[in-house]
Amino acid sequence: STMRERKTTDPLHSTDPLHSSTDPKEGKEKLRLKQEVGLISSVSLIAGTMIGSGIFMSPEWVLYHMGNPASSLLIWAACGLLAMFGALSYAELGTIIKESGGEYIYILRIFGSFPAFLFAYTSVILVRPAGLAAVCLSFAEYAIAPFYPGCSSPQVAVKCTAAACILALTIINSLNVRLATSVMNIFTAAKLLALLVIVVGGLVLLAKGQTQSFQNGFQGTTAGIGAVGVAFYQGLWSYDGWNNLNYVTEELKKPEVTLPRALMIAIPLVTCLYLLVNVSYLAAMTPSELLSSGAVAVTWGDKVLGSWAWLISLSVALSTFGSSNGTFFSGGRVCYIAAREGHMPDILSMAHVRCLTPSPALLFTSAMSLIMIVSGSFTSIVNFFSFVAWLFYGMTISGLLYLKIKKPELPRSYKVPIIIPIIVLMAAVYLVLAPIIDQPQIEILYIVLFIFSGIIFYFPLVHFKYHPRFLQRVTLHLQLLLEVAPTAKDAN
């Protein structure tokens, strides 16, 4: 069939047959994605995806919306705390529902098929490709900046470079899981080194007495709830990726141990680095210089490193490439898991017979991201991405609260104190509602309409299982062309 039929057994019991088999009509021998992601690769996946373009591009926007250095630093610290709380809540969900797919699989198992389909539809077609497009656009900005000294890079060159980045990632991730995680580990090490250079440079400047940016630090703080909400969006964009490990739970070695441990190492490390990097920026530049800088890290490099400033452009390009690799790695998995559950065309649930990677799902994510690159700009993509992401984060966290209250008997190897998911849920509600109340924008209405447009596809294709015959033929031809076959679920 073109859309795989879902099983309707009790979703929250891991002894259920849904973990061990797919449709028996599709053959006895099944492919499985391997459990190849250990603790170091897990920390790299989280930290490597989080440290992308955000810390090199968002500081000026956080400062712009908050109005002064001290309150912008508070926003950065609050964003780190919120990411940590969210990740700890997801760690408990990941030890109850030991399946890949992140929010999608949690919404499916707790709330059922319809809301999970709306999430998959929005995430696979819009949110994940938008996130990937934004990171690749910032990679392109920094990668080609040295070729256009003293002027802004032409948009055609930026978009072509971003498209080339996506195509390179598609090849890497389709060839081998181990190759993709090795790329992640190498680039994470490179970007940590780049951030340490900025931190040390900042500490040297502070030791020399360059503290003028921090005098009267809270003067002129913005008070509007909408402005604070948008500042949070820009800050949280830099922390996006805290939930990435939950998308690949089935590929983790010992997920019940690896998942919480990797989160507790990666997120505090990233938060401390981000705060120190922001302090370094403000030590090297006045707030007005920072606000007028198109690429904060490059301006910092010009001021502090002099003739070695090119190192910063190179580091940022490496950093954003590594981050986009992590985003792509996890984004393809959402598409793959949704197809495996019958919410996307069946071809997307298949894996390459030799490489054992979900290549059709990766190719689809790549194609959608290329469309986003042609049509979008960095800032608009970030604000739109954050609104939708926090809408579904809030829904997922409310699912965890439901399980903690109604199903405390479910086995879980890790428990988060109930106050933490409550704080995250309150923050999610604020982040979704604040920009709507304070500065309503027509784009948000378009996004909401897009989410609910999924109803048009859900009822005929998923609920009533209408499968057009021509799609079955297309699936068969694509299966032969891409050398892919159905996969079995992996019970941990």
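When averaged across all projection directions, what area in nm² does the alpha-carbon convex hull of region 173-214 cover? List each step's numbers first, then the result.
Values: hull surface 15.6 nm².
About 3.9 nm², averaged over all directions.
Roughly how far apart, in whole Å, are the Cα centres of region 126-164 and region 182-217?
Region 126-164 and region 182-217 have Cα centres spaced 24 Å from each other.
With every protein chain present, what accessible area does Ile75 have (1.4 Å probe, heavy atoms only), rounded to the nearest 10 Å²?
For Ile75, solvent-accessible area is about 10 Å².
With a 1.4 Å probe and all protein chains kept in place, how much accessible area does Leu391 have, in Å² rounded to the nearest 10?
Taking all protein chains as shown, Leu391 has close to 70 Å².
Compute the Kirkwood hydrodynamic radius of region 303-427, taking the inverse of the mean of 1/r over all pairs of distinct Cα atoms, and give it in Å to one decimal.
Working: mean 1/r = 0.0543 Å⁻¹.
With all distinct Cα pairs of region 303-427 included, I get 18.4 Å.
Whole Å is fine, so just give me how far the alpha carbon centre of region 336-379 lies from that of region 429-455.
25
So what is the relative contact order of region 39-485, in percent, for Cα pairs below 8 Å that sit 6 or more residues apart?
Numbers: 687 pairs, mean separation 151.6, N = 447.
The normalised contact order for region 39-485 reaches 34 percent.
Through the Karplus equation 6.51 cos²θ - 1.76 cosθ + 1.60, θ set to phi - 60°, convert the phi angles of region 149-164 into ³J(HN,Hα) values in whole Hz; use x for Gly and Pro.
Taking θ as phi minus 60°, the curve returns x, x, 8, 6, 6, x, 4, 4, 5, 4, 5, 5, 5, 4, 5, 4 Hz for region 149-164.
In angstroms, what radius of gyration and Dmax does region 161-265 have, counting Cα atoms only?
Radius of gyration, then largest Cα-Cα span, for region 161-265: 19.8, 54 Å.
Residue by residue through region 358-373, which ³J(HN,Hα) values in whole Hz follow from phi under the Karplus form 6.51 cos²θ - 1.76 cosθ + 1.60 (θ = phi - 60°), with glycine and proline marked x?
Once θ is set to phi - 60°, the couplings for region 358-373 become x, 4, x, 5, 5, 5, 5, 4, 4, 4, 5, 5, 5, 5, 4, 4 Hz.
For helix 39-50, report the angle its Cα long axis makes with the longest principal axis of the Cα atoms of the chain; keep it between 0 and 90° and round to the nearest 10°.
60
Given DSSP loops and a limit of at most 14 other Cβ atoms within 10 Å, what is the longest stretch of the chain that contains no such chymotrypsin sites (Phe, Trp or Tyr not before Pro)? Show your work: numbers first, answer last.
Working: sites that count: Phe218, Phe464, Tyr466.
Excluding the exposed sites themselves, the longest stretch runs over 219-463.
With each run of n ≥ 4 DSSP H residues scored as -39500 (n - 2.57), what mean residue ellipticity at 222 nm is computed for the chain after dividing by its residue count and rounding to the nearest 500 deg cm²/dmol? Numbers along the way, then the final one.
Values: 20 runs with 326 residues, N = 492.
So the calculated ellipticity at 222 nm is -22000 deg cm²/dmol.
Using DSSP loop states and a limit of at most 10 other Cβ atoms within 10 Å to flag GluC sites (Glu not before Pro), what is the longest stretch of the chain containing no flagged site? Spell out each step's value before the answer.
Numbers: sites that count: Glu29, Glu409.
Longest site-free region, per DSSP loop and neighbour criteria: 30-408.
Where does the chain land on the Kirkwood hydrodynamic radius, alpha-carbon pairs, in angstrom? Provide the component values of the computation, followed by the final result.
Values: mean 1/r = 0.0435 Å⁻¹.
That comes to 23.0 Å for the chain.
Run the Debye formula on the Cα coordinates of region 362-492, all scatterers equal and no solvent, and tell me log10 I(q)/I(0) at q = 0.11, 0.14, 0.20, 0.22 1/Å.
Log-scaled intensity ratios, in q order: -0.72, -1.06, -1.20, -1.25.
Provide, as a two-decimal number, the C-alpha radius of gyration of region 47-115 over 2.2 N^0.38 Å, N being how many residues it has.
1.50
Go through region 99-109 residue by residue and turn each phi into a ³J(HN,Hα) via Karplus (6.51, -1.76, 1.60, θ = phi - 60°); whole Hz please, and just put x for glycine and proline.
Listing the rounded values in order: 10, 6, x, x, 3, 4, 5, 5, 5, 4, 6 Hz.
Going down the table (Lys98/Lys465; Lys98/Lys407; Lys253/Lys407; Lys254/Lys406; Lys208/Lys303), which pairs top 20 Å between alpha carbons?
Table pairs above 20 Å Cα-Cα are Lys98/Lys465; Lys253/Lys407; Lys254/Lys406.
Keeping the other protein chains in place, figure out the carbon and sulfur percent of the accessible area of the chain, with a 1.4 Å probe.
Details: 13310 of 19400 Å².
So the carbon and sulfur contribution to the accessible surface is 69 percent.
Taking Rh as the Kirkwood radius, which is the inverse of the mean 1/r over Cα pairs, what is the Rg/Rh value for region 269-367?
Numbers: Rg = 20.3 Å, Rh = 16.6 Å.
For region 269-367, the value is 1.22.
What net charge is computed for the residues neighbouring Leu39, neighbours being all others with C-beta under 12 Å from the C-beta of Leu39, Lys and Arg scored +1, Asp and Glu -1?
Numbers: positive: Lys253, Lys254, Arg261; negative: none.
That works out to +3.
Over the chain, average the accessible area per residue using a 1.4 Å probe and give it in Å², no decimals. Spell out each step's value before the answer.
On the way: 19400 Å² over 492 residues.
On a per-residue basis, the chain sits at 39 Å².
The values are calculated or read from the model by the stated rules, or taken from the named source; none is laboratory data. Model, not experiment: these values are computed from the prediction. Neighbour counts are summed over all protein chains in view; Cβ atoms, including those assigned to glycine, are modelled from backbone coordinates with ideal geometry. The protein model used for the area step is the full one, side chains on, heavy atoms only, and it has no ligands, DNA or RNA in it. Shrake-Rupley method; radii C 1.70, N 1.55, O 1.52, S 1.80 Å.
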